[in-house]
Amino acid sequence: MKNKFNIVIVGVGGQGIGMLSEILIRALDFSEIKVKGVDTHGLAQRGGSVISFLRTGEDIFSPLVKKNSADLIIALEMYEAYNALIDFAVPEKTVLVHYETSWQPLGVRLRKDNILKGSIIKDICLKNNIKEIPVIVENLPDPLMINMAILAEMIKRNTLKGLSLFSCETATKDLMNDSIYKKNIDFMYKYIDK
């Protein structure tokens, strides 16, 4: 992958954004794709916004993705998907892969802000010719597996060139203990085969 490719991963603290980012970095590295990445944790432990930047390609000197320059946005939560579309999407270029779940921000819980409807994300994508890939899994074995559902969908659709199930499986094995690894990989195989 010689051309530069910018990836923004967003979600809420506790959803596994850092784990997903690390799996992608290792999997791309195993596939001999040059990659740089950085996470910003902020209020992650308190359910705050978390963002990871990954950049692939030749002559990448910084992992930071500039505003309005993402080729791929991966969102594990709808409010964060909305914010990432506003901040990082490029009309007619960006692909959005997002899990359809909502962790309502404080303003919504206090009834000061409106609830975000999934149709708003769809409308932004349609208006800007952004490919939207919504992901939802009925009866997800574990709520902490949203990141694995996103990863499996990306592999299934070949959303990120060079990313394979084998490279993700190898990366996941490096990062998880045996029982958690087996649970996650079994889920990914079932998801991809359906």
**Complete:** The correct count of residues that are within 21 Å of T170 (Cα to Cα), touching a Ser or Thr at 6+ places or on another chain (Cβ under 9 Å) and either modelled with pLDDT of 95 or more or in a loop (DSSP other than H, G, I, E, B) (or both) in segment 31-48 is 3
**Fill in**
Within segment 109-139, of all residues that are closer than 23 Å to S69 by Cβ and among the polar types (S, T, N, Q), the one surrounded by the most Cβ atoms within 10 Å (Cβ to Cβ) is N128
**Item:** Condition broken by I74, with the remaining ones in (1) farther than 28 Å from F30 by Cβ; (2) not in a loop (DSSP other than H, G, I, E, B) satisfied
**Value:** (1)
**Message:** Which condition from (1) outside any helix (DSSP H, G or I); (2) modelled with pLDDT of 85 or more is the one that L28 breaks?
**Reply:** (1)
**Message:** Against the condition over 20 Å from M176 (Cβ atoms) and either among the aromatic types (F, W, Y) or part of a loop (DSSP other than H, G, I, E, B) (or both), how does V90 come out, does it pass?
**Reply:** yes
**Message:** On the basis of being part of a loop (DSSP other than H, G, I, E, B) and either farther than 16 Å from V8 by Cα or in contact (Cβ under 8 Å) with a residue 12 or more places away in the chain (or both), does N129 make the cut?
**Reply:** yes
**Asked** Are there any pairs, at least 6 apart or on different chains, whose C-beta atoms fall under 8 Å, with the first in segment 160-178 and more than 23 Å from T94 (Cβ to Cβ) and surrounded by fewer than 16 Cβ atoms within 10 Å (Cβ to Cβ) and the second modelled with pLDDT of 90 or more and among the acidic types (D, E), and if so, which?
**Response** L175/E22
**Message:** If I ask for residues that are of a type outside the set (G, A, S) and part of a helix (DSSP H, G or I), which ones from segment 6-21 would you list?
**Reply:** I17, M19, L20
**Message:** I want to confirm something. Restricting to segment 49-100 and keeping residues that are surrounded by 15 or more Cβ atoms within 10 Å (Cβ to Cβ) and among the aromatic types (F, W, Y), which single residue is modelled with the lowest pLDDT?
**Reply:** Y79
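The values are calculated or read from the model by the stated rules, or taken from the named source; none is laboratory data. Treat the numbers as computed from the prediction; the structure is a model and nothing was measured. Every residue, glycine as well, gets a Cβ built from its backbone with ideal geometry; the counts of neighbours run over all protein chains shown.
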